Amino acid sequence: MPVVPLFGKWDLTEVNIEDTTLEKYINLDAFQIPHTGGRHSKKRFGRRDLTIIERFINNLMRTEKYTGKKAQAYNVMKNAFDIINSKKKTNPAQVMVQALENSAPRAAVVSLRYGGIRVYSGVDVSPTRRVDTAIRNLCIGALQSSKKQRSIEKSLSRELMLASEGNPDSYAIGKKEELERQAEAAHN
């Protein structure tokens, strides 16, 4: 089967995943249309079979403006990738993977109850949760900054570029650092 380029433009086989712990959970398989229709939902760890692009598009459908509008979210992602390509002159899928790697938290805080006392403890985060949290924070950051003056495409491309550079101006990087700081403080 021939390799289908992403949005008909970019080759996903060129994308390198540097974080080996996330390698199994960032799926970069070729696809015609990023719509599996929830076939993965009944299977344990079925999210691994979804391409990372589809998971991102599904997360963009978070607010009332985009709820259920997958075609619109698909076009937002496609236009954001065009903006990234015009500014960075690199494969936008690589920029997105770097943004995911940089914004995936390694530690988090859990609440434990001993008798009537609540104690917070720092724990390591599983790779699946790291990817889920990174995608969620990147999408929330893009949606929040688009409410001000930018279009959603520009804010998504900006969020991905800032996160791929590890810039703390990115919402996702800020959230990751905040979470890791809390986990470090609560670590026993």
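The values are calculated or read from the model by the stated rules, or taken from the named source; none is laboratory data. All figures in this text were calculated on a predicted structure; none of them were measured in a lab. Ideal geometry is used to build each Cβ from the backbone, glycine not excepted, and the neighbour counts take in all protein chains shown.
Conditions tested, residue by residue: (1) part of a helix (DSSP H, G or I); (2) over 16 Å from the mean Cα position of the chain (by Cα); (3) in contact (Cβ under 8 Å) with a residue 12 or more places away in the chain.
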| residue | (1), (2), (3) |
| --- | --- |
| Ile57 | yes, no, yes |
| Glu64 | no, yes, no |
| Ile84 | yes, no, yes |
| Lys87 | yes, yes, yes |
| Glu101 | yes, no, yes |
| Thr128 | yes, no, yes |
| Val131 | yes, no, yes |
> Are there any pairs with C-beta distances below 7 angstrom linking a residue in the stretch 169-185 that is without any contact (Cβ under 8 Å) to a residue 40 or more places away in the chain to a residue that is part of a helix (DSSP H, G or I) and surrounded by fewer than 19 Cβ atoms within 10 Å (Cβ to Cβ), with the two at least 6 apart or on different chains, and if so which?
Replying inline: Tyr171/Ile140; Tyr171/Gln144
> Which one of the conditions (1) part of a helix (DSSP H, G or I); (2) touching a Leu at 6+ places or on another chain (Cβ under 7 Å); (3) free of Cβ contacts under 8 Å to residues at least 40 places away in the same chain does Asn137 fail to meet, given that it meets all the rest?
Replying inline: (2)
> Is at least one residue of the stretch 140-163 more than 16 Å from the chain's Cα centre (by Cα), loosely packed, with under 15 Cβ neighbours inside 10 Å, among the charged types (D, E, K, R) and modelled with pLDDT of 90 or more?
Replying inline: no
